[in-house]
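Okay, structure first, notes after.
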Amino acid sequence: MASSPGAPRAPAVQAPPPPEARTSERGSVSAGRGRVDSRAGHLSFCTKVCYGIGGIPNQVASSATAFYLQLFLLDVAQIPAAQVSLVLFGGKVSGAAADPVAGFFINRSRRTGSGRLMPWVLGCTPFITTAYFLLWFLPPFTSLRGLWYTTFYSLFQALATFFQVPYAALTMLLTPCPRERDSATAYRMTMEMAGTLIGAAVHGLIVSGAHGPHRCEDAALPGPVAVSPDATRLYSIASAVVAVTYPVCSSLLCLGVKERPGSSVPASGPGPSFLAGLVLTVRHPPYLKLVISFLFISAAIQVEQSYLVLFCTHASRLHDHVQGVVLTILVSAVLSTPLWEWVLQRFGKKTSAFGICVMVPFAILLAAVPTAPVAYVVAFVSGMSISVSLLLPWSMLPEVVDDFQLQHQHGPGLETIFYSSYVFFSKLSGAGALGISTLSLGFAGYEAGACKQAEQVVVTLKVLIGAVPTCMILTGLCILMVSPTPKVPSQNSRRLSLQRRTSYTLA
C-alpha cells in the first residue's frame with residue numbers, strides 16, 4: 001500500500017544478503033582498497049631516477065680509489081710502502097667500524113621536516129666532498145704525508161658509510177608497495193653500476209698522462225723521480241670532478257625523493273641490541289661458514305683489483321693499456337650480471353659459485369705471460385668472476401636468515417644484524433688483506449716513485465696478482481662447498497631478499 005506524500009516514511013527493512021553476496025562485497029571492497037593503496041604507493045619515473053642518482057657518488061669514488069689510490073700513494077705522493085699499508089688498513093677499518101655505529105645512531109634519530117634519513121645524507125655531503133678532495137691532494141710537507149692520507153682516507157671511508165647507510169635504507173621509506181620498492185632498487189643498482197664505470201673511466205682518463213713511460217725518459221739513474229707538477233694537477237682535477245658528484249647527486253636526490261611520514265614506524269617491538277644479536281648470528285653454523293668463505297673470496301677480489309694497475313705499471317710493459325684493462329673488467333662485470341642471475345635460478349647457488357674460480361688459471365697466466373692480449377682476456381674473465389662473487393652472498397644471505405628464523409624465535413632486528421655484520425666482516429677482511437699485501441711490497445724493497453723497481457718487487461707483484469688470489473679463492477670455495485645448504489621455508493624469502501638487501505644496515 002503506498003503512503004501519502006506528507007507522512008513520514010518508516011525505514012525500509014531489508015533482508016540480510018546471502019553469505020555469497022557478503023563475501024563478494026568484502027572481496028570487492030578489499031580489491032578496491034588494494035587498488036587505492038597501489039595507486040597511493042606508486043612511485044613516478046622521476047622519483048625512481050632521482051633515487052637511483054643518489055647512489056652514483058659513492059660508487060664513482062669507490063671505483064676510483066679501488067684502482068688508483070695505491071698507485072697515487074706510492075708513485076705520486078711517494079710515501080713508503082709500509083705507510084701505504086697503514087693508510088689502506090686504517091681507512092678500511094674505519095669504514096667497517098662506522099657501519100654498526102651508523103645504524104645505531106640513524107635508527108635512533110628523530111624525524112625532521114625533510115624526513116628521518118635524508119638529513120643524514122645531506123649533512124654528510126659537504127664533509128665527504130672535502131675529505132675526498134683532500135685525499136688526492138699533495139701537501140707541501142713530506143714527513144707527515146702518511147698521517148695526512150691516513151686521516152683523510154679514514155674520514156672518507158667513515159663518511160661514505162654514514163652516507164650509504166641512510167641512502168640504502170631510504171628504499172623502505174619511499175612507499176609501502178613492495179613492487180615499487182623493488183623497482184626503485186633496480187633503478188638504484190643500475191645507476192650504481194653506471195657510477196662504477198664512470199668513476200674508473202673518468203678518473204683513469206684524466207690521470208693517464210701522469211703514469212706514462214715518458215715520465216722516465218729523462219731519468220738516467222735508478223731511484224725516485226721528482227713528482228711532476230702535471231701529475232699533481234691531473235690528480236687534483238680528477239678528484240674535483242669526482243667530488244662534485246656528491247653535492248650534485250645529493251641535491252637531485254633531495255629534490256626528487258620524499259620520505260613517507262608513516263613508513264618509518266616499526267611494525268613491532270624492539271629487538272635485541274647489536275652485540276647481543278651479533279653473538280646469536282655468529283653462533284649459527286650456516287651463517288658462520290658463509291661469512292668465512294666470502295671473507296677469503298672478497299679479500300682475493302680486492303687484492304686483484306688493487307694490484308692490477310701496479311702490476312701493469314711496474315711488472316710488465318702495459319702502461320698504455322691500464323685504462324683499457326680496468327674498463328674491460330668493469331664492463332664485463334656489468335654485462336655478465338644478468339647471465340649470473342639466470343645461472344643462479346637455473347643451476348643453483350653452489351653450482352654458480354664455481355664461476356668465481358674461472359679467473360684463477362687466467363690470473364696465473366697473466367703473471368707468467370704479461371702481454372696485452374693476455375691482459376685483456378684476463379680482465380674480461382676477471383670481470384665475470386667479480387660479478388658472481390658480488391652477487392652470490394646477497395643471494396645466499398636471505399636463505400641463511402630464514403633458516404635461522406626457523407630455528408630461533410626472536411624479535412625484530414636480527415635480520416639487519418645479519419647484513420650489517422656481514423658488511424663489517426667483509427670490510428675488515430679487505431683491510432687486513434690490503435694492509436699485509438702492501439707491507440710485503442715494502443719488505444721486497446719497493447722504492448716509491450722509482451721508474452724501475454727491483455726484481456724482488458716484480459716477483460712480489462706477480463705473486464700478489466696470481467698466487468695470492470688463487471689460494472684465497474680456492475680456500476673460500478672449499479669452505480662454501482662443505483657448508484650445509486639452508487632450507488628455504490617459503491616464497492617470501494625470494495620476495496623479501498631484495499628488500500633485505502636495501503635495508504640491512506638500519507638496525
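The values are calculated or read from the model by the stated rules, or taken from the named source; none is laboratory data. Keep in mind that what you see is a predicted model, and the values were worked out from it rather than measured. Here the Cβ positions follow ideal geometry from the backbone for every residue, glycine too, while neighbour counts run over all protein chains shown. Heads up: the accessible areas ignore ligands, DNA and RNA and are worked out on the full protein's heavy atoms, side chains in. Shrake-Rupley method; radii C 1.70, N 1.55, O 1.52, S 1.80 Å.
Open to solvent by less than 50 Å² (accessible area, probe 1.4 Å), modelled with pLDDT of 90 or more and over 16 Å from the mean Cα position of the chain (by Cα) - does that describe any residue in segment 88-96? Scanning segment 88-96 turns up at least one residue that is open to solvent by less than 50 Å² (accessible area, probe 1.4 Å), modelled with pLDDT of 90 or more and over 16 Å from the mean Cα position of the chain (by Cα). Can you pull out every residue in segment 108-128 that is modelled with pLDDT under 80, open to solvent by 10 Å² or more (accessible area, probe 1.4 Å) and either farther than 16 Å from Arg260 by Cα or among the small types (Gly, Ala, Ser) (or both)? Correct list: Arg108, Ser109, Gly113, Ser114. What about Ile417, is it of a type in the set (A, V, I, L, M, F, W, C), more than 30 Å from Val369 (Cβ to Cβ) and either modelled with pLDDT under 75 or open to solvent by 60 Å² or more (accessible area, probe 1.4 Å) (or both)? Yes; evaluated as a whole, the condition is true for this residue. Only a single item in (1) at pLDDT below 90; (2) not in a loop (DSSP other than H, G, I, E, B); (3) not hydrophobic (A, V, I, L, M, F, W, C) is not met by Thr470, and it is number (1). Residues that are surrounded by 22 or more Cβ atoms within 10 Å (Cβ to Cβ) and not hydroxyl-bearing (Ser, Thr, Tyr) within segment 132-151 comprise Leu135, Trp136, listed in sequence order.
Only residues that are assigned to a helix (DSSP H, G or I) and crowded, with 17+ Cβ neighbours inside 10 Å were counted in segment 476-485, giving 4. Taken over segment 309-323, the residue count meeting the criterion of being farther than 16 Å from Glu447 by Cβ and open to solvent by less than 10 Å² (accessible area, probe 1.4 Å) is 4.
Condition check: at pLDDT 80 or above, open to solvent by 60 Å² or more (accessible area, probe 1.4 Å) and under 22 Å from the mean Cα position of the chain (by Cα). Does Tyr167 satisfy that? So Tyr167 fails the test.
Of everything in segment 170-206, what is surrounded by 18 or more Cβ atoms within 10 Å (Cβ to Cβ) and either basic (Lys, Arg) or not in a helix (DSSP H, G or I) (or both)? Give them in sequence order. The answer is Leu174, Thr175, Arg181, Arg188. Per this entry, Leu392 is not counted among residues that are open to solvent by 40 Å² or more (accessible area, probe 1.4 Å) and either farther than 30 Å from Thr313 by Cα or touching a His at 6+ places or on another chain (Cβ under 7 Å) (or both).
Quick check: anything in segment 37-51 of a type in the set (Gly, Ala, Ser), more than 30 Å from Pro176 (Cβ to Cβ) and either surrounded by 13 or more Cβ atoms within 10 Å (Cβ to Cβ) or modelled with pLDDT under 90 (or both)? Checked segment 37-51: no residue is of a type in the set (Gly, Ala, Ser), more than 30 Å from Pro176 (Cβ to Cβ) and either surrounded by 13 or more Cβ atoms within 10 Å (Cβ to Cβ) or modelled with pLDDT under 90 (or both). What pairs can you find where one residue is in segment 453-469 and free of Cβ contacts under 8 Å to residues at least 12 places away in the same chain, the other is among the acidic types (Asp, Glu) and open to solvent by 20 Å² or more (accessible area, probe 1.4 Å), and their Cβ atoms are less than 6 Å apart, with a gap of 6+ or different chains? That search, which allows pairs on different chains as well, returns nothing.
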